[in-house]
Amino acid sequence: MTTRFIAAFYVVVFFALISRAQEHLVHTPWQLEGANERIENIRKGKVQLAFVLDGKPLKDKASIDLELVRHEFSFGVSMTQASSLSKKAQTQYRNRVKELFNFVTLGFYWAARDEKKDLTGYNRMMRRKVEWAVANDIKIKGHPLLWHESLPKWVIDFQDPVSLEKIIFKRMQDLLLDYPEIQYWDVYNEAVAPFKNHVTPSGVTRWITYKGGIYPAMLALYAFANKIAPNKIYTNNHYQPTDPEFLKLNEYFIEQNVGYQAIGMQAHMQTHDNVFEEQELWDLVSTFTPLGKDIQFTEVTVTSSKLFNNWKDHGVFLEERKVARKKGEKMNLPSLAQKELYQAAYIKDFYTLLFSHPSVSSITMWNLTDRNAWRGHAAGILDSDMQPKKAFFTLKKLIKNTWSTKLTTDFDANEGLAFSGFYGKYKATVTVDDKAYTVGFRHTKESTKPIVLDLSGQ
């Protein structure tokens, strides 16, 4: 081997390493072929408005200002992070949620809601969160009814699966009945994973074994949930949706006529090898589409900190972080300026592609702020000081501008008013003879007849 060849070899290796180091620092725009056309076809529809005043059809010339105030599509964020914030930061947090999102996930982890402890303060806190969401017309998802990785120690140590089953069902019943405002629930979080190598055996895994394995155990949980609260929207949620076992589990649910409405897919993209590419993401959703269920992206993390090469490298960091936190030291990854540009660009394409797929009904950002974010990452669209990053403005522009409907026009009330708009809740101000009337209406895919707006009493 010549000296010149060896030198050339190392040059190639050097630039390959540099290229690898720069991977995912700059987002290559996705092609998004046909996305805008699909959005026009599946997220919008024509609507005919008619107007009534004092019991009679309105026939005068009028003007109208109308706008979409709440999307039918669920643009969500998890509020599990909020409890660890200061009172001031929580206020900032809630204001940003109201500004951008119409859907929130509230965490009801068993380790936190331990019935063997005084739950007065906990229940008061969760009740306030629920009431706040309802007051602001924000839909709520409860997460989860059961999960093998968030358990009180006494449940981890529990040895009698027959007795534990009664306890599990009692917990599910309490959550479903104590919070009737919550329409959406993850029944079992990450059902494919209880016996993975990283999972510590517990009373829950012993109960699953007693039931005959994951499949019959899940059937029992869903059957009980539907018995107690049959009108909820139940989701089967998993952290690795590309796992073939996850598809098999959902196919089994379909065969057994399980009462569930949605397939939940997590997308925590903290390593190079789990960042979705465009075609990969589209193919994943399309693989599950024939099952006929709504697809929810339940936990989305697009970090502006560095990416790890793989889960093993990330695991090393997490162990080091655990040691540091026991010493009272913070060990969170910093947000990088270039990565913030990447984060914003990636989120734009990620949301656009999923919003354009007819099977997808919701996308939930897992962390709003970098403060105490997912596994030490700069995973929020607000920074640690609660200030918006570029990704926040990018997402807001999509939801509130690009995918919004606003209309100001004069019209002949005798003919009504027709327009094409995004599905959701609208506010309209109709002015007749210099008098303004404000009304609300809902535009859905099922809106086949003219919507009559009664201006009386305004």
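If we keep just the residues of the range 283-333 that are basic (Lys, Arg) and either within 23 Å of the chain's Cα centre (by Cα) or under 20 Å from Asp370 (Cα atoms) (or both), which is surrounded by the fewest Cβ atoms within 10 Å (Cβ to Cβ)?
Of the range 283-333, the ones basic (Lys, Arg) are 293, 306, 312, 321-322, 325-327, 330.
Still in the list and also either within 23 Å of the chain's Cα centre (by Cα) or under 20 Å from Asp370 (Cα atoms) (or both): 293, 306, 321-322, 325, 330.
Working: Lys293: 20, Lys306: 17, Arg321: 17, Lys322: 11, Arg325: 13, Lys330: 9.
Taking the candidates together, the pick is Lys330.
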Exercise for the section: Give just the number: which of (1) in a helix (DSSP H, G or I); (2) among the β-branched types (Val, Ile, Thr); (3) in contact with a His (Cβ under 6 Å, 6 or more places away or on another chain) does Val316 not satisfy? Expected result: (3)
Exercise for the section: Determine whether Ala191 is of a type in the set (A, V, I, L, M, F, W, C), surrounded by 15 or more Cβ atoms within 10 Å (Cβ to Cβ), assigned by TED's automatic domain parsing to the domain that holds Lys98 and not in a loop (DSSP other than H, G, I, E, B). Expected result: no
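Could you look through the range 386-403, keep only residues that are among the charged types (D, E, K, R) and either buried (at least 17 other Cβ atoms within 10 Å of the Cβ) or in contact (Cβ under 8 Å) with a residue 12 or more places away in the chain (or both), and pick out the one that is nearest to Ala344 (Cα to Cα)?
First, pick out the residues of the range 386-403 that are among the charged types (D, E, K, R): 389-390, 396-397, 400.
Retained after the next criterion (residues that are either buried (at least 17 other Cβ atoms within 10 Å of the Cβ) or in contact (Cβ under 8 Å) with a residue 12 or more places away in the chain (or both)): 389-390, 396, 400.
On the way: Lys389: 8, Lys390: 6, Lys396: 11, Lys400: 16 Å.
Here the residue is Lys390.
So that you can scan it fast, the table gives a plain yes or no per residue for (1) under 18 Å from Leu25 (Cα atoms); (2) among the aliphatic types (A, V, I, L, M); (3) in contact with a Lys or Arg (Cβ under 7 Å, 6 or more places away or on another chain); (4) at pLDDT below 90:
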{"position": "Val300", "(1), (2), (3), (4)": "no, yes, no, no"}
{"position": "Trp311", "(1), (2), (3), (4)": "no, no, no, yes"}
{"position": "Phe317", "(1), (2), (3), (4)": "no, no, no, yes"}
{"position": "Glu320", "(1), (2), (3), (4)": "no, no, no, yes"}
{"position": "Val323", "(1), (2), (3), (4)": "no, yes, no, yes"}
{"position": "Lys327", "(1), (2), (3), (4)": "no, no, no, yes"}
{"position": "Leu333", "(1), (2), (3), (4)": "yes, yes, yes, no"}
{"position": "Ala345", "(1), (2), (3), (4)": "yes, yes, no, no"}
Fill in the blank from the handout: Condition set exposed (fewer than 11 other Cβ atoms within 10 Å of the Cβ) and in a helix (DSSP H, G or I), scope the range 21-50, selection modelled with the highest pLDDT: answer is Glu37
Exercise for the section: Within the range 372-389, identify whether any single residue is aromatic (Phe, Trp, Tyr) and under 18 Å from the mean Cα position of the chain (by Cα), and answer yes or no. Expected result: yes
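Can you go through Met265, Met218 and tell me which one is modelled with pLDDT of 95 or more, buried (at least 21 other Cβ atoms within 10 Å of the Cβ), more than 21 Å from Leu175 (Cβ to Cβ) and among the aliphatic types (A, V, I, L, M)? First the steps, then the outcome.
Working: Met218 fails: more than 21 Å from Leu175 (Cβ to Cβ).
Criteria check complete, one pass: Met265.
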Exercise for the section: Go through the residues of the range 163-179 one by one and say whether even a single one is in contact with a Ser or Thr (Cβ under 8 Å, 6 or more places away or on another chain), outside any helix (DSSP H, G or I) and either in the same structural domain as Phe393 (by TED's automatic domain parsing) or charged (D, E, K, R) (or both). Expected result: no
Problem - Search result, residues across the range 354-411 that are of a type in the set (Phe, Trp, Tyr) and over 21 Å from Met265 (Cα atoms) - result: Phe392, Phe393, Trp403, Phe411
Fill in the blank from the handout: Counting only residues in the range 412-458 that are β-branched (Val, Ile, Thr) and touching a residue at least 24 places away in the same chain (Cβ under 8 Å), the one farthest from Phe73 (Cα to Cα) is identified as Val432
Practice task
Report those strands (runs of 3 or more DSSP E) wholly inside the range 51-161 carrying at least 1 residues which are closer than 20 Å to Trp374 by Cα.
Solution key: 74-78, 103-107, 139-143
Completion exercise
Checked the range 129-166 for anything in contact (Cβ under 8 Å) with a residue 24 or more places away in the chain, exposed (fewer than 13 other Cβ atoms within 10 Å of the Cβ) and under 18 Å from Ser74 (Cα atoms); matches are Asp137
Practice task
Please go through the range 105-128 and pick out each residue that is surrounded by fewer than 16 Cβ atoms within 10 Å (Cβ to Cβ) and among the acidic types (Asp, Glu).
Solution key: Glu115, Asp118
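The values are calculated or read from the model by the stated rules, or taken from the named source; none is laboratory data. Remember, it's a predicted structure, so these values are computed and weren't measured experimentally. Here Cβ is always computed from backbone atoms with ideal geometry, including for glycine, and neighbour counts include all displayed protein chains.
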